[in-house]
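Let me begin by presenting the structure, written as C-alpha cells, before commenting on it.
The values are calculated or read from the model by the stated rules, or taken from the named source; none is laboratory data. None of these values were measured; they are calculated from a predicted model. Using ideal geometry, Cβ is built from the backbone for each residue, glycine included, and neighbour counts are taken over all protein chains shown.
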Amino acid sequence: MAQAHRVVILGGGFGGLNAALRLKRAPVEVTLIDRRNFHLFQPLMYQVATGSLSPGEIAAPLRSVLSKQKNASVLLGEAADIDPDTKRILLSDGGVFEYDSLIVATGSQTSYYGHDSWKALAPSLKSVEEALAIRHKILNAFEQAERAETEAEARAWLTFVIVGAGPTGLELAGALAEIANETLRHDFRRINPTEAQIILMEGGPRILPTFPEDLAAKAEKSVERLGVRVLKGVYATEIDERGVMYKRGETVERMEAKTVLWAGGVTITEFGRLLGRRAKAETDRSGRIHVTPQLTIPNYPDIFVIGDLALSVGKDGKPLPGVAQVAIQGGAYAGKVVRARAAGKPEPGPFHYFDKGDMAVIGRAAAVANIFGFHLSGLPAWLVWLFIHLMYIVEFQNRVLVFIQWGFQYITFSRGARLITGGDGIEKM
C-alpha cells in the first residue's frame, strides 16, 4: 500500500492551524510541530497583560483542537535545521522528520532594533510569559508607588512609557488608562492612580501608520481623552531601570519612568533566517522570504511559507502586512494546494489576499475600524471589534468565557485577573 502524502506543518499559530484544518479528510498524514502545546489568540494578548483576561481564556490546546481530525497529529518540538534537498526537518532535541510537503508558519519575534539588552527592561507582547511579565510590571508599579518615600519616586513609578504606536501600543495605552482612571481608582490610600502618566511614543509622524489618516487622527483624539500623552517623531535611544532617553529632532531628552513597555517592530525567527539560507532564497532586510504567487519558495515548490515569515505582495504590488488575516488566508490556501496535489487534482490559481480591513480598540466603547473600505469609529467600531474577535477565538468555551468577562468589565470596569504572580512575571502553579 502506498504511503500517504506526508505534510509537516511548523507552527500552530493562525497560519499553521488553518492549514491543518483545511487538510481534514484529505488523503494525507499531517504532523503539526510547535514548541508550545497551544494555539494563542495573539490579538487579545494585551488584555492578558492588563488583567482583563487570563491566559487560558485566549489559548486553545492544539491536541484538543485537532483531536477529531484523524489524519493529524500534534508534536511538541522546535525546528532547528532543514535540508530542503532531502526533505528532512531536524528538531532541537535531535528528532528527524521527513516530508513530502512542508508548511512553514513559524511567525515572528520582537525586534529591538539591535538593542537586545532592552528586552529585560521593556517586555513586549509576543508570548504568554511576556504578557504576564507586563501585568506584573504594571500592577507592581502602583504597589511600589504606594510605598514610595518621596513624591519624585512615586511619580516615576506612576509613569508608564509605551514605545510604538501601532495597534498593540494603542491598545495597551488605552487599557492602561482605564486601569488608572477606573479600575484602581479607589484601591489605594496614599496615591491617586488617576494621576498616572501614560506616554505613547511613536517614531513616525502619526500613530497607527498602516491605518487611513482620518481613523488614525480619531484614534489619537480618543486615546488623548483617556489622559494618554502622545509623542510623535521621537525615537528611544536608551532604556534603563530608571527610564527612557529619546531623541526628538536633534534634541535628546530623558523621561523618568519605572515602567517601559515595548510595542515596536518585529523580525523573523532564527529558523526563518536559517531556512532562507538553506533554500538560497531571496529575503528582505528583516529576513522575510520572497515567495512565489503560490506561497512557495522558488525552486522548492514543496515548501510553503506563510504568515509573518513570507514576503508576498497584494493586488497593489505592495507587501502584505504581518497580520492575522494574512496568515489565516495563507494557511487555508496552502492547505488547499496540498490537498489538490495529494488527490491528483488541478491546483488552485495563485494566492489572492482578500483584505477585510483593520481595526484597533482604544477603550470602553471606543475603537477605529476600516472594514471593506468603510471607516468606522466610536461605539459602532467597538461593537464590530467585539464580534469579530469573539468569532475568531478557536474554542467555543473560550468565546463564552471572554464574552462574560467583557460584559462584567463593561458594567463595572473590574478586571478579574489582577494578580501579581512571580517576581519574574511568570505565573506559578
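Okay, residues lined up against (1) modelled with pLDDT of 95 or more; (2) of a type outside the set (A, V, I, L, M, F, W, C); (3) touching a His at 6+ places or on another chain (Cβ under 7 Å); (4) farther than 29 Å from Phe41 by Cβ:
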| residue | (1), (2), (3), (4) |
| --- | --- |
| Thr159 | yes, yes, no, yes |
| Ala177 | yes, no, no, no |
| Ile191 | yes, no, no, yes |
| Lys218 | yes, yes, no, no |
| Gly227 | yes, yes, no, no |
| Val244 | yes, no, no, yes |
| Arg248 | no, yes, no, yes |
| Lys258 | yes, yes, no, yes |
| Trp262 | yes, no, no, no |
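Among the residues of segment 58-94, write down those that are acidic (Asp, Glu) and without any contact (Cβ under 8 Å) to a residue 40 or more places away in the chain.
Asp85, Asp93
State yes or no: is Tyr353 aromatic (Phe, Trp, Tyr), modelled with pLDDT of 90 or more, under 22 Å from Phe304 (Cβ atoms) and out of contact with any helix residue (DSSP H, G or I) (no Cβ under 8 Å at 6 or more places or on another chain)?
No: the conditions fail for Tyr353.
Please find, within segment 69-113, the residue that is surrounded by the most Cβ atoms within 10 Å (Cβ to Cβ) out of those that are under 20 Å from the mean Cα position of the chain (by Cα), of a type outside the set (Phe, Trp, Tyr) and outside any strand (DSSP E or B).
Ala105
Quick check: anything in segment 207-218 surrounded by 14 or more Cβ atoms within 10 Å (Cβ to Cβ), among the acidic types (Asp, Glu) and touching a strand residue (DSSP E or B) at 6+ places or on another chain (Cβ under 7 Å)?
No, because not a single residue in segment 207-218 is surrounded by 14 or more Cβ atoms within 10 Å (Cβ to Cβ), among the acidic types (Asp, Glu) and touching a strand residue (DSSP E or B) at 6+ places or on another chain (Cβ under 7 Å).
Out of curiosity, is Gly107 at pLDDT below 95 and within 15 Å of Leu275 (Cα to Cα)?
Against the criterion (at pLDDT below 95 and within 15 Å of Leu275 (Cα to Cα)), Gly107 qualifies.
Within segment 167-206, which residues are within 24 Å of Tyr410 (Cα to Cα), of a type outside the set (Phe, Trp, Tyr) and assigned to a loop (DSSP other than H, G, I, E, B)?
Within segment 167-206, Leu184, Arg185, His186, Asp187, Asn192, Ala196 meet the criteria.
Given the options Val368, Val361, Val394, Val402, name the one that is crowded, with 16+ Cβ neighbours inside 10 Å, within 19 Å of Ile328 (Cα to Cα) and either basic (Lys, Arg) or touching a helix residue (DSSP H, G or I) at 6+ places or on another chain (Cβ under 8 Å) (or both).
Just a single option satisfies the conditions, and that option is Val394.
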